[in-house]
1. Quick one: P(r) of region 45-109 from all Cα-Cα pairs, 10 Å bins, percents rounded to integers, in order of increasing distance.
2. Report, in debye and to the nearest 20, how large the dipole of region 57-141 comes out about its Cα centre when Lys and Arg carry +1 and Asp and Glu carry -1 on their Cβ.
3. Express in Å², to the nearest 10, the accessible area of SER70 obtained by rolling a 1.4 Å probe over the protein heavy atoms while all chains stay in place.
4. Convert each backbone phi in region 135-143 into a coupling constant with the Karplus relation 6.51 cos²θ - 1.76 cosθ + 1.60 (shift: θ = phi - 60°), then list the ³J(HN,Hα) values in order as whole Hz, x for Gly and Pro.
5. With θ set to phi - 60°, apply the Karplus curve 6.51 cos²θ - 1.76 cosθ + 1.60 along region 10-23 and write out the HN-Hα couplings as whole Hz, x wherever there is a Gly or Pro.
6. For the full complex of protein chains and a 1.4 angstrom probe, list TRP86, TRP49 by accessible area with the highest value first.
7. Based on Cβ point charges of +1 for Lys and Arg and -1 for Asp and Glu, what charge dipole magnitude is obtained for the chain about its Cα centre, in debye rounded to the nearest 20?
8. Suppose only helical runs count, i.e. DSSP H with n ≥ 4. What mean residue ellipticity at 222 nm does that imply for the chain under -39500 (n - 2.57) per run, divided by all residues and rounded to the nearest 500 deg cm²/dmol?
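The values are calculated or read from the model by the stated rules, or taken from the named source; none is laboratory data. Given the structure is predicted, the values throughout are model-derived calculations rather than measurements. Note that we place each Cβ from the backbone using ideal geometry, even for glycine, and neighbour counts take in every protein chain shown. Areas reflect the complete protein model, heavy atoms only, side chains present, ligands, DNA and RNA absent. Shrake-Rupley method; radii C 1.70, N 1.55, O 1.52, S 1.80 Å.
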Amino acid sequence: MVEELPSERELVEQLIALVEIRLLDPLEILLESDQPGLHDRVVEMAAAWASRLLGEDEVAARFTAIRLVSTLYPGDQGFTPPPGWWQTPLGQVMVRRVGHPTAESVSYAVAGAMLGITRQGVHDLVVRGKLDRHENKGVTTASVQKRIMSANATETASRATPGDRP
């Protein structure tokens, strides 16, 4: 089952926690003191980032998502979060806005986490031609993202009243 986008509040809370844990806490340890005003600035920026990530401007949302992930999850091996990360507020926004920022294909387990279904559910979708198998293994991230976006569009249309439809 594809989940809806997280609330702005949920996303802001996760972004604040990530920046504090991954950036501010190590900086305080390294400098042997806290930096006045940084927490307030993070809170302010987290609200702006969440607004962009959930907003109508697709380019701004994609740019913000990629910038956040590359800053918060640096590494030489590429971005490989655990499957459960895709169910976090940032993970749900990332999969909708970007797909997987560094992988053309993902395992059935990761695709399942992105979609909020089991690995067997992903296998069934591949067999039925609803997800594209990647030539090397797994499924294409583009087909996972397309499935999420089409499920969201269908859900939105089914909730609309007849008078709301064009």
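1. Over region 45-109, the share of Cα pairs per 10 Å bin runs 20, 57, 22, 2 percent.
2. Dipole about the Cα centre, nearest 20: 180 debye.
3. Solvent-accessible area, nearest 10 Å²: 70 Å².
4. Values, residue by residue: 4, 7, 3, x, 10, 6, 5, 5, 6 Hz.
5. 3J(HN,Hα) across region 10-23, in whole Hz: 4, 5, 4, 4, 5, 4, 4, 4, 4, 5, 5, 5, 8, 10.
6. Values: TRP86 0, TRP49 35 Å².
Listed by decreasing accessible area, they come as TRP49, TRP86.
7. Details: 17 positive and 22 negative charges, 197 e Å.
About 940 debye.
8. One gets -18000 deg cm²/dmol as the mean residue ellipticity at 222 nm.
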